[in-house]
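Inspection log for the structure reproduced underneath, given as structure tokens.
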Amino acid sequence: MILQLQNVSKRFGGLKAVNGVDLSIESGEIVGLIGPNGAGKTTLMNLISGTFTPDSGNILFNGVDITGKEPYEVCRYGISRTYQIPRPFPGMTALLNVAVGVLCGKKRPKMSLSDAMLDASHYLEMVGLFGKRNTLAQDMSLFELRSLELARALATTPSLLLVDEVMAGLNQVEVLKAIRLIRKIIDEYHVTILWIEHIMKIIMEATDRVVVVHYGEVIGSGLPKDVVSDPKIIEAYLGEKIA
Amino acid sequence: MVKIEHKRALLVIRIGDKKFEWPIETRYWRNPLLGIAGLALLPLLFVSKPNILALITTANIYAAIAIPLSWQITGIGRLNFGPQFFVGLGGYTAGLLSSIYLWGPWATLPVVILMGLGFGFMLSPLTSLAKGLYFSLITLILPLIFLEVTYYFSIFQGETGIYGISPLVSVQSMTLELVIATYFSLILMVLFLYIIHKVMTSRVGVYTAAINDDEEVANNLGLNIKAWKVACFVITSVMITVVGWLAAHFYGTFAGVTFLPLSFMLKILLVVMIGGRGSVYGPIYGAYFVVLLEEALTVLGTVHYIVFPFILLILLFTLPEGLYGIYRKHRYREYYPTIRVRKR
């Protein structure tokens, strides 16, 4: 088991954003994390990546307790992430954005900047951005930024990749490209993926298992085809009448 | 016939049929060397004019403070409004040791560095604890508290300041002493320039640039931002403390009323901003410009106190990338090294 969340809770003032979540992910699995807006999906991701510290519960990664660890430590254990709204280093070129991931991800004190850039160019080529290597991130399109974030996250050589709504804001052609890209990442790097997504079609096709979160609690988990036919989950998404 | 064309990052000089191209980028190694050689010639050109030598030294001192400060601003992602606190620390440490115990400049230097390290470490948690405006406000207040302390405790001798500080060099000729001291300031400035340039074009430069752009993302990518911010703050603080040491031994007297008030800090920040924030060479342009402008405006009499900041304000608005940015535009920033990478 690569990741295990044991009774994890997080509260913001009076709001229980995550409430007693138990979640296990096997190595090599592609797990879709779905739920209505404000269900606590991104908070869960922030808890795993170390951005937030849980109020209670434990997070184990490869058997090691990473609860309350700093985000940089979590990354060095092998967990990397992308963001719902892309957050590149805007004034840096695409190549340097990825080079930061190469240099910082796993402790590489002896790697020179030029070596890191060579390594970064490999990741850029993989996501199809090699031609844009000297373009500033602030001048890139949304799809390019999402690809850049994936390349940067991969550059830290993670075992677990947390992908947060990578398809949001993309047109249909770009969505297809993004799906191809994620499949390529899975094939080439064999990373485990925890993937937040709203587009059910993608979740149905691309994931091995789906976990449904509602009001900060896990209300269902299983094969995608089973989960979408569960009345409890339909109710959470579409309301009581339709369910 | 000589014709000069200015293309992007290139000066094209045509003499008759012959064409010469000169890269005007500072990363082109010959340009910084030529610039430094030009600065090194200045004291020799004005040997007989002590007031100009003093101006050159002042500009070098401003630049020596602004160069590390410029990197600090990017490295900790916060605007330090009180770099002069460390100038005061270095100046008073050197001054007190020299006037009370009669220590020479080379004896006071290690103590000054230790003081810079100590206070740098002591204040470094602020780089993580105090965010944005709060950091700026705290650093703004620190030198003002220090100034009050110098008035309160007689050891600092209030507005008069400490005098009788041993000079950097002792020779028979006053003129020669001044020229050598001017070169000291130039050497210190160039040394800082070299150190910061090396740092900025290394992996550390990329780390600090990442912190400047988005420290949360940098942290999530495996960068220990707290440690790097502390390192950046302490190193640059020590450098600025050493400038205080130089000022004390150069002028032979050191008073907080000269170096600690807001007006001094404003000049330094303007040097950074006009030179171009985040650039290595920008502070040198900024420092010489500010010092020369201030001197030129003295012909206006007391009105120059109003005209000087007014002109600087206009420049800040019209040149957001600084004087240095005229050449650089927004193509890329100095701390982002561009290494051409070939496809594997």
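Odds and ends about this structure:
- Answer residue from the range A:1-37, given it is crowded, with 17+ Cβ neighbours inside 10 Å and outside any strand (DSSP E or B) and is nearest to the chain's Cα centre (by Cα) among those: A:29
- Tallying residues that are facing chain A (nearest Cβ under 7 Å) and under 26 Å from residue B:61 (Cα atoms) within the range B:207-242 yields 1.
- Applying a threshold of 9 Å to beta carbon distances and a minimum spacing of six or more residues, or different chains, the list of pairs starting in the range B:54-70 at a residue that is outside the structural domain of residue B:192 (by TED's automatic domain parsing) and ending at one that is assigned to a helix (DSSP H, G or I) is empty.
- Within the set A:34, A:85, A:30, the sole residue that is closer than 29 Å to residue A:203 by Cβ and either out of contact with any helix residue (DSSP H, G or I) (no Cβ under 7 Å at 6 or more places or on another chain) or modelled with pLDDT of 95 or more (or both) turns out to be A:85.
- Hey, residue A:219 hydrophobic (A, V, I, L, M, F, W, C) and either in contact with a Cys (Cβ under 8 Å, 6 or more places away or on another chain) or more than 27 Å from residue A:9 (Cβ to Cβ) (or both) or not: no
- Scope the range A:40-55; condition touching a helix residue (DSSP H, G or I) at 6+ places or on another chain (Cβ under 8 Å) and farther than 16 Å from residue A:161 by Cα; matching residues: A:52, A:53, A:54
- Helices (runs of 4 or more DSSP H) fully within the range A:114-211 counting 1 or more residues that are within 14 Å of chain B (Cβ to nearest Cβ), among the hydrophobic types (A, V, I, L, M, F, W, C) and more than 30 Å from residue A:63 (Cβ to Cβ): A:142-155
- Residue check, residue A:141 among the hydroxyl-bearing types (Ser, Thr, Tyr) and surrounded by fewer than 20 Cβ atoms within 10 Å (Cβ to Cβ): yes
- Filtering the range B:158-182 to residues that are in contact (Cβ under 8 Å) with a residue 12 or more places away in the chain and among the polar types (S, T, N, Q) leaves B:160, B:166, B:175, B:182.
Okay, residues lined up against (1) more than 16 Å from residue B:213 (Cβ to Cβ); (2) surrounded by 23 or more Cβ atoms within 10 Å (Cβ to Cβ); (3) out of contact with any Pro (no Cβ under 6 Å at 6 or more places or on another chain):
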position	(1), (2), (3)
A:97	no, yes, no
A:102	yes, yes, yes
A:108	yes, no, yes
A:128	yes, no, yes
A:135	no, no, yes
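- When residues in the range B:89-114 are screened for being under 25 Å from residue B:142 (Cβ atoms) and surrounded by 14 or more Cβ atoms within 10 Å (Cβ to Cβ), 16 of them pass.
- Selected residue [of a type in the set (A, V, I, L, M), out of contact with any Leu (no Cβ under 6 Å at 6 or more places or on another chain) and under 22 Å from residue A:85 (Cα atoms)] from A:234, A:219, A:185, A:193: A:185
- Residue within the range B:99-120 that is within 30 Å of residue B:211 (Cα to Cα), in contact with a Gly (Cβ under 7 Å, 6 or more places away or on another chain) and of a type in the set (Ser, Thr, Tyr) present: no
- Complete set of residues in the range A:71-89 that are more than 14 Å from the chain's Cα centre (by Cα), facing chain B (nearest Cβ under 7 Å) and in a loop (DSSP other than H, G, I, E, B): A:89
- The one condition in (1) at the interface with chain A (Cβ under 10 Å from one of its Cβ atoms); (2) crowded, with 17+ Cβ neighbours inside 10 Å that residue B:199 fails to fulfil: (1)
The values are calculated or read from the model by the stated rules, or taken from the named source; none is laboratory data. This structure is a prediction, so every number in the text was calculated from the model and none was measured. Using ideal geometry, Cβ is built from the backbone for each residue, glycine included, and neighbour counts are taken over all protein chains shown.
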